[in-house]
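This report refers to the structure that appears directly beneath it.
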There are 2 protein chains.
Amino acid sequence: MSRRRLLGTAGAAGATGLALGAVGGAGAYAASRPAPATALTSVGTDSVPFHGAHQPGITTPLHARGHLIAFDLAPGAGRKEAAALLRRWSATARTLMAGEPAGGGAAEGTRSKETGPDGTRPDEAGPDGGHDTGIALDAGPSSLTVTFGFGRTFFDRTGLAARRPAALDPLPAFSSDHLDAKRSNGDLWIQIGSNDALVAFHALRALQKDAGAAARVRWQMNGFNRTPGATPHPMTSRNLMGQIDGTGNPKPSEPDFDRRIFVPATPAAGTPSWMAGGSYAVVRRIRMLLDDWEKLTLTKQEQVIGRRKSDGAPLTGGTETTDPDLDRLGPDGKPVIPGNAHARISTPEANGGAAMLRRPFSFHDGIGPDGTPDAGLLFVCWQADPLKGFVPVQRKLDRGDALSAFIRHEASGLFAVPGGAREGEYVGQRLLES
Amino acid sequence: MSRRRLLGTAGAAGATGLALGAVGGAGAYAASRPAPATALTSVGTDSVPFHGAHQPGITTPLHARGHLIAFDLAPGAGRKEAAALLRRWSATARTLMAGEPAGGGAAEGTRSKETGPDGTRPDEAGPDGGHDTGIALDAGPSSLTVTFGFGRTFFDRTGLAARRPAALDPLPAFSSDHLDAKRSNGDLWIQIGSNDALVAFHALRALQKDAGAAARVRWQMNGFNRTPGATPHPMTSRNLMGQIDGTGNPKPSEPDFDRRIFVPATPAAGTPSWMAGGSYAVVRRIRMLLDDWEKLTLTKQEQVIGRRKSDGAPLTGGTETTDPDLDRLGPDGKPVIPGNAHARISTPEANGGAAMLRRPFSFHDGIGPDGTPDAGLLFVCWQADPLKGFVPVQRKLDRGDALSAFIRHEASGLFAVPGGAREGEYVGQRLLES
């Protein structure tokens, strides 16, 4: 009896929960609370499949809550330990994304037993002797996704340098970088997203626990987007500067979407075959200098961005999806969209068609040591090749973007995100076992 | 045209948004994006009234997202500046809780004009020359609440020491306290809650801006609870230890609820009349030592709490709402609910009927300097008298609670939260102007 099925229908869940409570005894998690009259909405019951050609969390609609976490392999841990870790992580991700508890006794059909074959209670009989933390109990899967990536350093530490994709070569330095090495890069990277903050935190803790002695946390960041239903615009969100973010994203309906975002099923020469169906994630912690930004007039803010704040339309008119008219001049003879406007410099037309799928989270970690808000964007973008996505765009922005006076890139990561696991396979298996 | 009404019905909002867009020109916030087929759900459209006998955010169902922020009056600022600040804050709270933009031009009917009477655009014509940040645009009020309180030090700084309630006397020291003075107390306190993280952040920034030169941020904390619809249990939530939290809360339907939580409309002798309809908030940042906690077996965790993790029922059986049988002995002759179990020590029966309304947020600020999760509970509890609510319970917990080995009180605040503002009145006016 999975938690998802238990809670999927409130009435049935109530009855089932009570019945199992009598059988399961204290502590058997199947004895979940009888559901009250209020039912789970689709916010709770929605789930994302773990298996597929691509990993989840790339084209999944923006999540209300997210965690990014990077690990380094522990000293002495190599390919074998990494393979075992990815196997554990994949099993946990699959289980949690289905709305089931992690750890011991998570297999279907075992959770209503008072004790396991070895006399322990099922919740305490996991492979590592652990039990689920219970943080996600009562909730549905809430669109949970878990996405795994490999950093450049992973390949040396596992003796797999020969299979490292050239696309993982370090990103160029940008003049506006203020990068903190301790919060950048890492051997392994996980992106967790969910529409419920406790479901996301539950997954974070379960995956951290899985790391065991094999890997140590290098850095960890938390982010958020709108709650489903708070706005009718699910695919784009406002950022903490108040701007609509993601308008220019390639759309899955576009014919070249897959080519731009994912490594093909048969990778081109020079790309290792284990990356089939994969993608590259560029992660940047972009601090927004909100105290400075908010001092600008609305007109000035819109000139910095090149779009209207209200509806995201280009300053040359139309709606959010109208192409900007980059040549149009105003009555003063100057371009309506200024030469250094963010939208002008970052538009694909100005970057040889470079495109990436931006799927960010906002972050807000309270007030920083300097008294200003420690807030901004956990920029996560996806592309088949960073040299045709993030790099050319950022290079251009770095030279003349009016927005750069109001942001600071504080951390950076580049990760190879392999294709999705097939049934019976774990993420990264084609790299680690062939 | 308020944002709430604009977005309340997706179809109408789309049409209206377009029409206003033509009139309003670039930057007029009424020209919101045409709504797509997806409608706002009640998560977005729900709103809480600002005016009333009590301030909002006390009996409001748990919010998915919250901010706590404390201010100290700036040097030289006194009663007059405080009164002006509370007037500004109340106006902003009322506006934002109705789903309208903050700052200049927020008045209904002015937002579709290209320029105001003085030739400026309405969005730039606010009393402080500022404009709304736009962060909450597109979203409904999302159950936003803003709640204001006064700390003990406020009264000296405003020459109002004679009107300070005795209930604001400092909380006693507890042996388990590890309090950080810089993150504790403060002249003024605001609690912000919403079911959308961007709506909450928008309010936080607007209220900070309102403080102007009158007050400076002392500390600020972020928290969260479940997303509406992720669980069928709206009034209680799990905390980050996986426990159901809030089961023992007094219920508004109980006859003595008001007496326990709110100062009466005619306060008893010794309580200043300006506190009529008010309440006292005790705020504690309670760090959870999750790495230690999660090493315990499920059975041990349940003995520490005295309740089953799965469904919150007492270890003596029943359901979440069953009274614990504190006298029942197990087969081993020991109490089924151990003598030091948290639920035994904190139960109202063991504390002379002391009761408080706990309305917490979880917090998770990433990984602390010691490598463990900087996570736990932003404990916020409400009572008519802290000496009959928080203090006796915490005193007892401090002496023998099994849970205390797994938590650490890191910050503390005690605030007098006046009754709700009547129409035309601002919060605290009865203190500051009579």
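One residue stands out among those in the stretch A:380-409 that are among the acidic types (Asp, Glu) and closer than 25 Å to A:Gly151 by Cα: the one that is modelled with the lowest pLDDT, which is A:Asp398. Count of the stretch A:149-167 residues, restricted to those that are touching a residue at least 12 places away in the same chain (Cβ under 8 Å) and assigned to a helix (DSSP H, G or I), is 8. For the condition within 14 Å of chain B (Cβ to nearest Cβ), hydrophobic (A, V, I, L, M, F, W, C) and not in a loop (DSSP other than H, G, I, E, B), A:Ala343 qualifies.
Looking at the stretch A:272-281, is at least one residue touching a Pro at 6+ places or on another chain (Cβ under 7 Å), loosely packed, with under 15 Cβ neighbours inside 10 Å, away from chain B (no Cβ under 13 Å) and not hydrophobic (A, V, I, L, M, F, W, C)? Yes: one or more hits. Before we move on, is A:Gly366 without any contact (Cβ under 8 Å) to a residue 60 or more places away in the chain, within 30 Å of B:Asp365 (Cβ to Cβ) and of a type outside the set (D, E, K, R)? Yes: the conditions hold for A:Gly366. The listed residues are B:Thr266, B:Thr321, and the only one of them that is closer than 30 Å to B:Arg430 by Cβ, under 28 Å from the mean Cα position of the chain (by Cα) and either among the β-branched types (Val, Ile, Thr) or part of a strand (DSSP E or B) (or both) turns out to be B:Thr266.
The set of residues in the stretch B:303-328 that are more than 8 Å from every other protein chain (Cβ to nearest Cβ) and among the β-branched types (Val, Ile, Thr) comprises B:Val304, B:Ile305, B:Thr316, B:Thr321, B:Thr322.
Note on the stretch A:410-434: among residues that are modelled with pLDDT of 95 or more and of a type in the set (S, T, N, Q), the one that is nearest to the chain's Cα centre (by Cα) is A:Ser412. Can you tell me which residue is nearest to the other protein chains (Cβ to nearest Cβ) among those in the stretch B:226-254 that are in a loop (DSSP other than H, G, I, E, B) and closer than 16 Å to B:Pro348 by Cα? Per the stated criteria, the residue is B:Thr247.
For the stretch B:286-301, does any single residue satisfy the condition of being within 17 Å of B:Gln243 (Cα to Cα), of a type in the set (Phe, Trp, Tyr), touching a residue at least 60 places away in the same chain (Cβ under 8 Å) and part of a helix (DSSP H, G or I)? Looking through the stretch B:286-301, at least one residue is within 17 Å of B:Gln243 (Cα to Cα), of a type in the set (Phe, Trp, Tyr), touching a residue at least 60 places away in the same chain (Cβ under 8 Å) and part of a helix (DSSP H, G or I). Checked against the criterion of being more than 24 Å from B:Phe224 (Cα to Cα) and in contact with a helix residue (DSSP H, G or I) (Cβ under 7 Å, 6 or more places away or on another chain), the candidates B:Pro331, B:Pro314 yield just one match: B:Pro314. Listed conditions (1) surrounded by 24 or more Cβ atoms within 10 Å (Cβ to Cβ); (2) within 30 Å of A:Gly78 (Cα to Cα); (3) more than 8 Å from every other protein chain (Cβ to nearest Cβ) are all met by A:Gly223, apart from (2). Inclusion of A:Met235 among residues that are among the aliphatic types (A, V, I, L, M) and at pLDDT 95 or above is not warranted. Could you list, in sequence order, the residues of the stretch A:288-302 that are more than 30 Å from the chain's Cα centre (by Cα) and more than 9 Å from every other protein chain (Cβ to nearest Cβ)? Passing the criteria: A:Leu296, A:Lys300. Residues in the stretch B:367-389 that are in contact with a Phe, Trp or Tyr (Cβ under 9 Å, 6 or more places away or on another chain) and of a type in the set (Val, Ile, Thr): B:Ile367, B:Val380.
The values are calculated or read from the model by the stated rules, or taken from the named source; none is laboratory data. No experiment lies behind these values; they were computed from the predicted model shown. No Cβ is skipped: glycine too gets one built from the backbone with ideal geometry, and neighbour counts run over all protein chains shown.
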